[in-house]
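> Structure provided below as structure tokens; questions to follow.
The values are calculated or read from the model by the stated rules, or taken from the named source; none is laboratory data. Owing to the predicted nature of the structure, the values given are computational and were not obtained by experimental measurement. Using ideal geometry, Cβ is built from the backbone for each residue, glycine included, and neighbour counts are taken over all protein chains shown. To get the accessible areas, we keep the full protein, side chains included, count just its heavy atoms, and leave off ligands, DNA and RNA. Shrake-Rupley method; radii C 1.70, N 1.55, O 1.52, S 1.80 Å.
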Amino acid sequence: QVQLVESGGGLVQPGGSLRLSCLASGSISHIDTMAWYRQGPEKQRELVASLTDSNVKEYVDSVKGRFTIARDNAKYSVSLQMTNLEPEDTAVYFCNIQAKTPWNPTLRDYWGQGTQVTVSS
């Protein structure tokens, strides 16, 4: 069984910074893409940033230049450094990985429980 645990959310003032971390554990044989999604109040969940195992990064336009995604393959972890935060960034942030396990050789999505980020003065 694969589990994802996120940390690092909280309350920050506009212009501030936060760093989210996600640690995957369990019987993992390979992780392809690691990503962060978010879901704001009364909004659909959206992809914020993704990073493939070949180091291809993608960001949603609204966070380009402000957020940075990184991964540590040895530790099965992914982080999201968020700077110059805006009230519009307020959301629950979810960690997502596409991974294979010894019992399932096809890629499958796994999700964390989410961590709240609130940007407010």
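> So which GluC sites (Glu not before Pro) in the range 36-95 end up in coil per DSSP with only 14 or fewer other C-beta atoms within 10 Å?
Passing sites in the range 36-95 are Glu42.
> Sticking with this structure for a sec: Would you work out what percent of the accessible area of the chain, with all protein chains in place, is carbon or sulfur (probe 1.4 Å)?
For the chain, the apolar C and S fraction of the accessible surface comes to 47 percent.
> When 1/r is averaged over all different Cα pairs and the result inverted, which Kirkwood radius in Å belongs to the chain?
The answer is 14.5 Å.
> How much area per residue is accessible in the chain when the probe is 1.4 Å and only protein heavy atoms are counted (Å²)?
On a per-residue basis, the chain sits at 54 Å².
> Rounded to the nearest 0.05, what FRET efficiency do Thr101 and Gln13 give with R0 = 41 Å and r taken as the Cβ-Cβ distance? Could you check? Can you show the working numbers first?
On the way: r = 41 Å, r/R0 = 1.00.
With R0 = 41 Å, the Cβ-Cβ based efficiency is 0.50.
> Then there is this: Between the range 43-92 and the range 1-39, what is the separation of their alpha carbon centroids in Å?
Going from one Cα centre to the other spans 9 Å.
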